[in-house]
1. Nearest 20 debye, what's the magnitude of the dipole of the range 332-405 about its Cα centre given +1 on Lys and Arg Cβ and -1 on Asp and Glu Cβ?
2. How much of the DSSP bridge set in the chain is antiparallel, in percent, rounded to the nearest 5?
3. First select every other residue whose beta carbon is under 11 angstrom from the beta carbon of Leu93; then total the charges, Lys and Arg +1, Asp and Glu -1.
4. Please compare each pair in Lys75/Lys135; Lys218/Lys285; Lys17/Lys233 to a cut-off of 18 Å on the Cα-Cα distance and tell me which ones are over it.
5. Leaving out same-chain residues fewer than 8 places away, which aspartates and glutamates sit with a Cα under 12 Å from that of Lys147?
6. Just flag the chymotrypsin sites (Phe, Trp or Tyr not before Pro) in the range 47-99 sitting in loop per DSSP whose Cβ has no more than 15 other Cβ atoms within 10 Å.
7. Taking all protein chains as present, what is the carbon and sulfur share of the accessible area of the chain, in % to the nearest whole number, probe 1.4 Å?
8. With a 1.4 Å probe and all protein chains left in place, how much accessible area per residue does the chain have, in Å²?
Amino acid sequence: MSVSCDQPGLIPVEVAKKQISDLVSSVVQTEKLQIIQSLGRVLAQDVYSKINVPGFDNSAMDGYAFKWQDLKDLKTLSLVGKSFAGNSYLKPLQPGECVRIMTGAAMPEGADTVMMQENALVDGERISFSKIPEKGNDVRLAGESIKQNSLVLSKGKRISASDVGLLSSLGFDEVSIYRALKVAVFSTGDELLRTGDEYQSHKIYDGNRPAIIALLTKLQCEVIDFGIVPDDKESLRSIFKQADEQADCVITSGGVSVGEADFVKQILAELGQIDFWKIAIKPGKPLAFGRLPNSIFFGLPGNPVSAFVTFNQIAADAIKQMAGEQVTAPYTLQAICDEGLKKQPGRADYQRGYCFVNEAGQLHVRSTGAQGSGIFSSFSNSNCYIVLERERGRVAEGETVSVQLFDHTLT
Ligand code: AMP
Ligand code: MG
C-alpha cells in the first residue's frame, strides 16, 4: 500500500479514506427481513412500488364533492349521500348532485372537485358555497404521490424510520437486506481493567471497546467481542487469528503508536498486509490499516478520544461500505465560532463543539473546553464536531468554521 502526501509521513484524511475505500468490498449475502425489524439495515434491492399512491382519487379535506361544471352552472347542489374513508358513496353522481365527503374518502364517480365544509352554506339538502373553487380543488389524484412501478428506494440505502413507514404503506411486509457485517473488537494493553473490576492504581478502565461496540451497534453490525488482550505476543497472535476467522472486519484499539507496538506489528506482518499510518488528523494520528487473510483490519489509537474520532471520521464510512451502504459525504454546515480556537497547520482537527441557533437565526458554535485526546467527557456536552481544515491555523472569534452535527437525522 503506497501512500502519497504533500507532508512527509502524514497522510491527509481524504487520501486515507480513498485508499481504504478502494480496498474494501461489500458483503454480498442477503436475507429477507420483516419491514418492522429492518430499521437501520441496508437495502439489498431496488424497491419499486406495486401500487399507485394514492390508490384512488380521494378528498384532501372534510367537505363536499361534486362536478365543478355543475356548481358553476347551478350554484346550488343537492346533497345525496356520504363518502367516508373506507366507506365510499358507490353510485355515480347525477347532474346537480353532491355528497358529503371526509378526508381520505374516495371521490364518487363523476365528481372532480371538493370544497371544504367551512365554505359551505347548508340549507337542508340544498348546498351552496361562499365561493367557487378551482376545478380539481382538494382532490388527491390516484398515483400523484407515487406511480405504480416507479423506483421508491435504492439498493444501498440504510433503512430509516420513514422508510419503514413508506415500505409498509406500499404493502410490503418483507425486504431484502444485506446480512449484518461481522466485526471483531478487542482492546490491547496490560494497563486495562474491565468495567466491574476493582480499581487498581496505575491501571485504567477500558473505555474504548465499549465505545467502539456502541458505535458498531448503531451501524447494526454483528459484534464479536474478544475483550481485553494483554501486550503479549502469543495472546495477540491467537486472538488475531480467531478474530480474522470469524469476522469480516477486525477493530482494535491501542498499540499502534510508533515504538511501543513492536509485536503487534510483527504479528500483523506475519498474518497479513498491514500498514501503520500517520494520519494528518487531530486527535488520532496513528492508525493501522490493512488486510488479514479473511478480513479488513483497523488498529485505532489507544487514546479514547482519538479512537472515537478515527472511528467516526475514517473507519465508519469503510464499515458502511462493507455493509453494502451507498456512502454519502458527511453533512457539514457553516457556523460562526464564538471564541478563538487553538490550531496549528498540518493536521485536520476535529474539536468537540456545541452548536446553536442564535436569536437572529444564525448558526453559532462554541468549543466544549479542553480538547485533550484522553478527555472523553469532551463529547458529553457537545453536539457537533468543529472541523478545522488541515492547513488552517488559529481560529479567531467570529470566524466561520465547518461543523458536523452528531445525530442530525430525525427520520
Ligand atoms: P497506546 O497506543 O497503546 O500506547 O495507548 C495510548 C494511550 O491510550 C495510553 O495512555 C493508553 O493507556 C490509553 N489506552 C489504550 N487503550 C485504551 C482503552 N481501551 N481505554 C482507555 N484508554 C486506553
Ligand atoms: Mg498500549
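1. With Lys and Arg at +1 and Asp and Glu at -1, about 300 debye.
2. Taking every DSSP beta bridge with both residues in the chain, the antiparallel ones total about 65 percent.
3. Net charge in that neighbourhood comes out at -2.
4. The pairs that break the limit, which is 18 Å between Cα atoms, are Lys218/Lys285; Lys17/Lys233.
5. List returned: none.
6. Details: sites: Tyr48, Phe56, Tyr64, Phe66, Trp68, Phe84, Tyr89; in loops: Phe56, Tyr89.
Within the range 47-99, the qualifying chymotrypsin sites (Phe, Trp or Tyr not before Pro) (loop, at most 15 other Cβ atoms within 10 Å) are Phe56.
7. With neighbouring chains kept in place, the figure for the chain is 50 percent.
8. Numbers: 20270 Å² over 411 residues.
Heavy-atom SASA per residue in the chain reads 49 Å².
The values are calculated or read from the model by the stated rules, or taken from the named source; none is laboratory data. Computed from a prediction, not measured in an experiment: that's the story for all the values here. Backbone-built Cβ (ideal geometry, glycine too); neighbour counts: all protein chains shown. Keep in mind that these areas ignore ligands, DNA and RNA; they rest on the heavy atoms of the full protein, side chains included. Shrake-Rupley method; radii C 1.70, N 1.55, O 1.52, S 1.80 Å.
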